[in-house]
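Read-outs: derived from the displayed coordinates by stated rules, not from any lab. Source: prediction; values computed, not measured. Reconstructed Cβ throughout: ideal geometry from the backbone, glycine too, with neighbour counts over all protein chains shown.
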């Protein structure tokens, strides 16, 4: 068997293990895996040399909160009911490819916004088999939610109860009662879901609910978490309020998304339990760093809620940034930026005064842990998959650095790159 070798010459390397930039490092890739890392690695016969000495090199980055099933955030509401499931699957494939081209080699799909099917699992399998080019996918195809909740997009038709009820029935993980949700968890896992995602509170994007509503009752929440754990799967929740975050911690949840109204008491519980939070800063930037003109670009209900909760969002951001919570990096782009433009979240972290190394750790090693892929990805070290990205700009000082990918490799294969800053 002829082995294929590549030797990468790095300018500066962040390996995902230590919070430092190492100079003059080399990476030897053998048949898609990292074989050696150091100042001088072997040069086997017929090795392909890759010169990245002009760039900063990192592990392939990971976006742990994506909704991949739409073409354009400006038309997302129309796409819910005007595009087919086949079209939504094509949108997922496009998103996976364009995300990879921007240096994010792995993504976590936390439920379809426009779709009600399982196309994301087909795209995941096609990429894994080599039929399609794209980022590696971990997915919960459908999130679990209740009628009228943040996950029920038929609420936009609530003035027409007959039509709303008809549309509501199309989402097979939308229902009531602990028995219903016990069955829904089992079905999601049966069909191939990697984890379970629940809509525990209302949100900012939907018209009729609020971020402070608890939208699954205690019995339903406990049944979901218990059933998933019995079947060996983790659970994460869309949640904002401290009271519900504390309740979910008592119920044994594995981690949470957003947490934007965080307080110090709840942050201390996260730290004590070593639970992760994927805070998705970017969608709330116009409120946290108040910009009334930028808020005007949002959908009407999003604008109204950002204005209403801006003080609480600002306070919550301060608590999260000052905490020692295990933070993951995720974007949640449904109302700003395209879903594949994952580097914009780094802008929000930098604007919030975060240490760049904390953001890099979140997007590499911590996210690998959240996805259950620590043995495969998240760091540049022997034995791991050769997922490697390189960046033109200074990550330590330029908030736009992760918008300008110069090089990307996944499993030892080099792909074309695209910059978010082009055009």
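Note on Kirkwood radius over Cα pairs in Å: of the candidates (1) 23.3; (2) 21.8; (3) 22.7, the value calculated from this structure sits at (2). Each stretch of four or more DSSP H residues adds -39500 (n - 2.57); spread over every residue of the chain, this sum gives -9500 deg cm²/dmol at 222 nm. For residue 75 and residue 314, what does the FRET efficiency come to when R0 = 35 Å and r is the distance between their Cβ atoms, rounded to the nearest 0.05? FRET efficiency, residue 75 to residue 314: 0.70. One quarter of the surface of the convex hull around the alpha-carbon atoms of region 200-256 equals 3.8 nm², the direction-averaged projected area.
Pick out which of 139, 294, 368 has the largest mean-square fluctuation in a Gaussian network model of the chain, springs linking Cα atoms closer than 10 Å. In this elastic network of the chain, the residue with the biggest mean-square fluctuation among 139, 294, 368 is 294. The long axis of helix 300-322 is offset from the longest Cα principal axis of the chain by roughly 50 degrees. Normalising the Debye intensity of region 200-342 to I(0), with uniform scatterers on Cα atoms only, and taking log10 at q = 0.09, 0.13, 0.14 Å⁻¹ returns -0.27, -0.57, -0.66. Diffusion coefficient of region 118-263 by Stokes-Einstein, Kirkwood radius over Cα pairs, 20 °C, 1.002 mPa s: 134 µm²/s.
The angle between the Cα long axis of helix 218-230 and the longest principal axis of the Cα atoms of the chain comes to about 30 degrees, rounded to the nearest 10.
Placing a pseudo-label 7 Å from each Cα along the Cα-to-Cβ vector at residue 274 and residue 94 gives an inter-label distance of 4.2 nm. Modelled this way, with points 7 Å down the Cα-to-C-beta line, the labels at residue 249 and residue 265 are 1.0 nm from one another.
Efficiency by 1/(1 + (r/R0)^6): what FRET value for residue 45 and residue 9, r their Cβ-Cβ distance, R0 = 22 Å, to the nearest 0.05? Numbers along the way, then the final one.
Details: r = 18 Å, r/R0 = 0.82.
Given R0 = 22 Å and the Cβ-Cβ separation, E is 0.75.
Extension gain, residue 400-residue 180: 0.36 nm per intervening residue step, less the Cα-Cα distance, totals 74.7 nm. The angle between the Cα long axis of helix 85-101 and the main principal axis of the chain comes to about 40°, on a 0 to 90 degree scale.
Using the alpha-carbon positions of region 294-412, Rg (one decimal) and Dmax (whole number) come out as 16.2, 50 Å. Pairwise Cα distances in region 275-325 exceed 12 Å in 64 percent of cases.
Model label sites at residue 376 and residue 419, defined 7 Å from Cα along the beta-carbon direction, differ in position by 3.2 nm. For region 49-204, the spread of Cα coordinates along the three principal axes comes to 63, 33, 29 Å, biggest extent given first.
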